[in-house]
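Everything below concerns the one structure shown next.
The numbers here are math on the coordinates, done by the rules we state, and not lab data. Remember, predicted model here, so these are calculated numbers, not experimental data. Positions of Cβ are backbone-derived with ideal geometry, glycine not excepted, and every protein chain shown enters the neighbour counts.
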Amino acid sequence: MAKAPPEKAELTPQEIEAGLRVARNKRVAVFVVAYNHETLIKATLQRIPEKLRELLSCIYVIDDRSSDATTKVAKGLREEIPQLEVFTTPYNQGYGGNQKLGYRYAIDQNFDIVVLLHGDGQYAPEVLPRILAAFEDEETAAVFGSRMMLPGAARRGGMPFYKRIGNRILTYMENRLLGSQLTEFHSGYRAYSVKALSQIPFSYNTGDFHFDTEIIIQLLGKKMKIVEVPIPTYYGDEICHVNGIGYAFNCMRTVLRSLANRVCLVYHPKFDLEGEHADYEFKSAPTSLHQFVIGKDTNPEVQFLELGAGKGDIGLSLHERGAKVLAVDMVKPDRELPFSFIEEDLNSDFARDVVDKMGRRADTVIALDVIEHLSRPERSLQEIKRCLVPGGKLLASTGNVAYIIPRLGLLIGQFNYGKKGILDLTHQRLFTLRSFCRTLEGEGFHIEKIRGFGPPIEDLVGKSGFWRMMDRFASFLAKVWPSMFAYQFVVEATRLDNLEDILARTVDSGKSRETEADHFIKSK
């Protein structure tokens, strides 16, 4: 039999009443994960406070194909608990896989709140009113019971010393990396707004124990509100199936992978939290490509042409510094811009319309992360060339498919597209530094300078001292060895004369000599 927690959960009357009020006003379900809990499941279910139990819409147990009589024992409580449902998986799903089934069921049944309870009684059912009380705030997406909020509670509850230390160290590292402030990442006592669950891709999560960490990352990524409440700690008759070292390794790996996903170094749909469309974001970090471009010397007499302008942030920065700007993109942004903006498909023959709009050719064309999106980059470069005065400048950037992360991925057989970054799904062509330069040179541009940039760590991950240091280090490597360490690079190129230009000047020179000869003869 399961023992009662040594540290009794003292709930205030206000907490109890708030929890009951939530249960009255919302469809609340308690989801019990169970695996080989034959001797513990009955006491766990009976410990749910009776007043609260009567108000619950459903209590459902999902037995993860136990080898004992867990399902039979749970079903034996149906007369005592009328709203109890007991299910058994067709084959073992794992801790995370069982949760995925339970949350999918909660969504399908249109519950408002689902509480996760462990069938071994490790997390006190008596605290359920406190867990539910936090949902009186409609903004609350998740409530986590924390064993670390109250000083000494974990020790008094029998948590082994090595687990307390490991829990604190791992939580500290996860908080620092993710920019969160949770007192504990590793409690299994949780409740979720079902609406919030329906908005995160938890079905892609692991079936292992670090499922709980992945769902925290998803909630944080969606900027949803997480509330922590103190719970008593209890270590008793339950059997722990978690390999501590393996669990810690998996937690850190998934945190780092989520960060790599955020800066578009890798992609996985479980960390795709931006919705259907991912906007191209203006970068403000001093090491970024955008700040490098707008930091260029501007002259009021210089005509800039920005292709693929998006929201017009680059053009606006140049305009504010006194430059003349014309911006081009397929869709004009909603906001008003103090310079000309025309809608044009850069896959078309756009040069004539653009030059007509400017009234002249441009002195500098800016094409940041544009060329790789075009169906025929060589043809589009010819159009860009027609927009430039002879000797005019082109600033063109692209992602570096030979960046060290994709290189290492290919080495181990990994290659996948994503919504943004080097392997953006909308890219029509992938470039290395050499192939990009070779393409520009082939279309009549002379490469003047190449500058590499690291991944936008500060802009996309965080602006703490640690991330700024990492951002500067990545920037340094990108400058030293751009072909290997540049996440993206910009090429400064000069427009060379094409054959038509050279031929015209050649013919003109012949006409000029004939004129001079005629004049000489006449003077004789």
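A few notes on this one:
- Across the range 419-482, C-alpha contacts under 8 Å between residues 6 or more apart give a mean separation that, scaled by the residue count, equals a relative contact order of 28 percent.
- Three-way shape call for the range 292-401 based on the alpha-carbon gyration tensor, with the a/c threshold at 1.5: rounded
- With R₀ fixed at 51 Å, the C-beta to C-beta distance from residue 296 to residue 175 puts the FRET efficiency at about 0.80.
- Unit charges at the beta carbon, dipole of the chain: most positive-side option, 316, 232, 442: 232
- Overall form of the range 13-271 per C-alpha gyration tensor (a/c, 1.5; a/b vs b/c): rounded
- The chain, relative contact order [Cα under 8 Å, separation at least 6], %: 11 percent
- Residue-wise HN-Hα couplings along the range 83-89, as the Karplus relation 6.51 cos²θ - 1.76 cosθ + 1.60 with θ = phi - 60° gives them from phi, are 8, 7, 10, 10, 10, 10, 5 Hz; Gly and Pro carry x.
- Contour excess over end-to-end distance, with Cα ends at residue 168 and residue 17 and 0.36 nm allotted per residue: 51.1 nm
- Likely footprinting exposure, 79, 441, fewest C-beta neighbours within 10 Å first: 79, 441
- Crossing angle, helix 499-523 versus the chain [Cα axis fit, 0-90 degrees, rounded to tens]: 10 degrees
- The chain, dipole about Cα centre (Lys/Arg Cβ +1, Asp/Glu Cβ -1), debye to the nearest 20: 1060 debye
- Karplus-derived HN-Hα couplings along the range 136-143 (A = 6.51, B = -1.76, C = 1.60, θ = phi - 60°), whole Hz, x at Gly and Pro: 5, 7, 5, 7, 5, 9, 8, 10
- Each principal axis of the Cα cloud of the range 289-501 was evaluated for its coordinate range; sorted largest first, these ranges are 51, 38, 30 Å.
- Surrounding net charge for residue 348, when Lys and Arg each add one and Asp and Glu each subtract one, Cβ distance under 15 Å: -4
- Extension gain, residue 161 back to residue 249 (0.36 nm per residue minus Cα-Cα distance, nm): 29.8 nm
- Each Lys and Arg contributes +1 and each Asp and Glu -1, all at the Cβ; summed about the Cα centre of the range 289-501, the dipole is approximately 700 debye.
- Against the chain, whose longest principal axis is taken from its Cα atoms, helix 13-25 shows a tilt of about 70°.
- Dimensions (Å) - the range 67-185, Cα atoms, principal axes, largest first: 44, 36, 28
- In Hz, Karplus ³J(HN,Hα) per residue of the range 28-39 (6.51, -1.76, 1.60; θ = phi - 60°; x = Gly, Pro): 9, 10, 10, 9, 10, 8, 9, 7, 6, 10, 3, 8
- Ascending count of other beta-carbon atoms within 10 Å, so fewest first, for 287, 426: 426, 287
- Whether the range 130-184 is rounded, prolate or oblate, judged on the alpha carbon gyration tensor where a/c under 1.5 counts as rounded: oblate
- Counted charge near residue 128, where neighbours are those whose Cβ lies closer than 11 Å (Asp, Glu -1; Lys, Arg +1): +2
- Residues in the range 189-222 reached by a label modelled at residue 463 [backbone nitrogen below 13 Å; 7 Å Cα→Cβ]: none
- Whole-number D in µm² s⁻¹ for the range 23-90, Kirkwood Cα-pair radius fed into Stokes-Einstein, 10 °C, 1.306 mPa s: 131 µm²/s
- Over the range 45-201, relative contact order from alpha-carbon pairs under 8 Å, at least 6 apart, %: 27 percent
- The alpha carbons of the chain occupy a box of 127, 42, 42 Å along the principal axes, longest dimension given first.
- Folded to 0 to 90 degrees: helix 211-221 orientation relative to the chain principal axis, Cα: 50 degrees
- Ranking of 412, 131, 81 by neighbouring Cβ atoms within 10 Å, starting from the fewest: 412, 81, 131.
- Pairs exceeding 24 Å between alpha-carbon atoms, taken from 163/270; 75/100; 72/270; 72/163; 51/100; 163/195: 163/270; 72/270; 72/163; 51/100; 163/195.
- A straight chain from residue 435 to residue 80 at 0.36 nm per residue would run longer than the Cα-Cα distance by 120.6 nm.
- Estimated 222 nm signal from helices in the chain, with DSSP H stretches of n ≥ 4 weighted -39500 (n - 2.57), rounded to 500: -11500 deg cm²/dmol
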